[in-house]
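A short worksheet on the structure shown next.
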Amino acid sequence: MSIEDQDDALFKALGHRARRQLLDLLKAGPKTTGELCEALPQLDRCTVMQHLRVLETAGLLIVERRGRERWNHLDALPIHALNERWIGRYAAYAVNMLSEIRQESENPQRQDRDRVLPE
């Protein structure tokens, strides 16, 4: 799977409220599918399973089968990679831009306005 496909799968996984709720539940530690279903009573078991599959496809979930139970573990590495690849880059750009605005307001003679995204 290409990096672009991985990013698409990750953004899709994070794009639904129920999946974000599942990730929040898993932050505290591994949970069985049954425990996750109980924590989201507004969703039927089939729907929870579909959301878990999307999370697993995106690499956010590691599934461990123990007998009849399915234990779900959060894998936060893809979120870290997303932060490094996208969020951190744009946050740095925003901070630089705000810094330039502050400098321009303090020194109106400054004319260089070339703002480029950091590499």
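Read-outs throughout are calculated quantities, based only on the coordinates presented, and are distinct from any laboratory measurement. Note that the coordinates shown come from a computational prediction; the quantities given were computed from them, not determined experimentally. Positions of Cβ are generated from backbone atoms using ideal geometry, with glycine treated the same way; all protein chains shown enter the neighbour counts.
Tallying residues that are over 13 Å from GLY34 (Cβ atoms), touching a helix residue (DSSP H, G or I) at 6+ places or on another chain (Cβ under 6 Å) and not β-branched (Val, Ile, Thr) within segment 57-72 yields 4. Checking each residue in segment 1-40 for being exposed (fewer than 13 other Cβ atoms within 10 Å of the Cβ) and out of contact with any strand residue (DSSP E or B) (no Cβ under 8 Å at 6 or more places or on another chain) picks out MET1, SER2, ILE3, GLU4, ASP5, PHE11, GLY15, ARG17, ASP24, ALA28, GLY29, GLU38.
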